[in-house]
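Report on the following structure.
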Amino acid sequence: FEYIQWIASEQLLQVRRTAEDSGMPIGIYNDLALGAERTGAEAWMYQSVMALDADCGAPPDAFAPQGQNWGLPPINPVALRPSRYELLIQLLRKNMRFGGAIRLDHVMALCRLFWIPKGQSATEGTYVHYPFEDLLAIIALESHRSKAVVIGEDLGTVPDWVREQLTKARVLSYRVFYFERRGDGTWKVPGEYPQQALAVAGTHDLPTLTRFWSGEDLQLRAGLGAFPDETSRRQAMEERQRDKERMLAALKQESLLPDGMSDDPAAVPAMTPALCRAIHAYLARTPAWLVLANLEDGLEEISQTNLPGTVENHPNWRRKYASRVDNLVDDERLLELGATLRSIRPIS
């Protein structure tokens, strides 16, 4: 295992050097997961800091009516200060070595985290608070030391004051196209996005653009019992049709609908590379400091990386791209998507 870690480290450092030599100041964009498996090295090394008799997750909401249990042990906030915050510091330093940006999964965990007694359902959980100011200060310090941009995944139930504190600390907000709506469900126009943010179409926890458009994600969730009854499933499908209509209307308002494409979702049965480019052009028009394009959207992938709330009943983190890695560099869809983004946001 040490040999494999060493090889991975050598390769990642080489990628960083290659990126810097190519004029890419950010290079690798790392993702720091919320937690680690309780039988893994991290939990073993920091047993005194981990609450191994609990899991973390999310309370019941519209997305997951039964709540979510992620099966990961949370950090014990009472043990952080006595341990001099060593776990967090080492996690940040080791992950910031390889790239110029890092995404903090479920950034609200710096403030509060939903704990669930081990072996219980998410309905039995409660929020536990953390030393927010101390943790934010450590992240700011390590970010400065490593010269790394920090993006906080501030999705879900986020108190306004948490976002205010993250903004003051210069942490970028994570703005997902699917969720950037007004109160009536219509899409926000590009100018309504904040500047201190990363704008992206979706995440690894959400359906790809191709799957969203087909509605296959709703069918999958129905098969896994995510909807309490047939009425709820049907309402979700109807709402998806309205979402597609609103999405096309937003693109039309910005004069971004592909040539010959109708704003009637019934006339657009499937996601296309041109529609995918239009959505990313929409994001590129926002004032967000960073805009991200997911590889799976550019490649028209159907399966999503992870389905939150599932462990054994869905193959999370195991899917492969339909395209070979060797073919990605010359993939026409990716080349055209890159050209679209550069036409709106030229490389300085």
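Name the strands (runs of 3 or more DSSP E) wholly inside the range 79-193 in which the number of residues that are open to solvent by 30 Å² or more (accessible area, probe 1.4 Å) is 3 or more.
It comes to 112-117, 126-129.
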Q | Matching residues, the range 1-55, being among the acidic types (Asp, Glu) and open to solvent by less than 40 Å² (accessible area, probe 1.4 Å) | A | Asp55
Q.
Given (1) open to solvent by less than 30 Å² (accessible area, probe 1.4 Å); (2) at pLDDT below 95; (3) over 21 Å from the mean Cα position of the chain (by Cα); (4) under 27 Å from Ala101 (Cβ atoms), identify the lone condition not met by Asp326.
A. (1)
Q) Of (1) open to solvent by less than 60 Å² (accessible area, probe 1.4 Å); (2) free of Cβ contacts under 8 Å to residues at least 60 places away in the same chain; (3) outside any helix (DSSP H, G or I), Ala270 satisfies all except one. Which? A) (2)
Q) Inside the range 195-228, can you point out the residues that are part of a loop (DSSP other than H, G, I, E, B), in contact with a helix residue (DSSP H, G or I) (Cβ under 8 Å, 6 or more places away or on another chain) and either of a type in the set (A, V, I, L, M, F, W, C) or surrounded by fewer than 20 Cβ atoms within 10 Å (Cβ to Cβ) (or both)? A) Gln196, Ala201, Leu206, Gly215, Phe227
Q: Considering only the range 273-287, state which residues are of a type in the set (A, V, I, L, M, F, W, C) and either in contact (Cβ under 8 Å) with a residue 24 or more places away in the chain or crowded, with 19+ Cβ neighbours inside 10 Å (or both).
A: Leu275, Cys276, Ala278, Ile279, Ala281, Leu283, Ala284
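Condition check: under 30 Å from Gly71 (Cα atoms) and hydroxyl-bearing (Ser, Thr, Tyr). Does Thr39 satisfy that?
yes
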Q: From the list Gly35, Gly27, pick out the single residue that is under 30 Å from Leu290 (Cβ atoms) and either in contact (Cβ under 8 Å) with a residue 60 or more places away in the chain or of a type in the set (Asp, Glu) (or both).
A: Gly27
Q.
Let me spell it out: the conditions are (1) surrounded by 14 or more Cβ atoms within 10 Å (Cβ to Cβ); (2) outside any loop (DSSP other than H, G, I, E, B), and Glu239 meets all of them except one. Which number is the exception?
A. (1)
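In the range 161-182, is there at least one residue being within 29 Å of Gln235 (Cα to Cα), of a type in the set (Lys, Arg) and touching a helix residue (DSSP H, G or I) at 6+ places or on another chain (Cβ under 7 Å)? Don't jump to the end; show me each part of the working.
So the first thing to find is which residues in the range 161-182 are within 29 Å of Gln235 (Cα to Cα), and the list is 174-182.
Within this subset, residues satisfying the condition of being of a type in the set (Lys, Arg) are 175, 181-182.
Then keep just the ones that are touching a helix residue (DSSP H, G or I) at 6+ places or on another chain (Cβ under 7 Å); that gives none.
There is no residue in the range 161-182 that is within 29 Å of Gln235 (Cα to Cα), of a type in the set (Lys, Arg) and touching a helix residue (DSSP H, G or I) at 6+ places or on another chain (Cβ under 7 Å).
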(Q) Name the residue that is modelled with the lowest pLDDT, counting only residues in the range 1-53 that are in a loop (DSSP other than H, G, I, E, B) and among the aromatic types (Phe, Trp, Tyr). (A) Phe1
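With Leu248, Leu257 as the choices, which residue is surrounded by 19 or more Cβ atoms within 10 Å (Cβ to Cβ), hydrophobic (A, V, I, L, M, F, W, C) and not in a loop (DSSP other than H, G, I, E, B)? Explain how you work it out, then say what you get.
Numbers: Leu257 fails: not in a loop (DSSP other than H, G, I, E, B).
Only one candidate qualifies: Leu248.
The values are calculated or read from the model by the stated rules, or taken from the named source; none is laboratory data. Predicted, not measured: the structure shown is a model, and the values here were computed from it. When we count neighbours, we look across all protein chains shown, and the Cβ atoms used for this are built from the backbone with ideal geometry, even at glycine. Note: areas computed on protein heavy atoms with side chains; ligands, DNA, RNA excluded. Shrake-Rupley method; radii C 1.70, N 1.55, O 1.52, S 1.80 Å.
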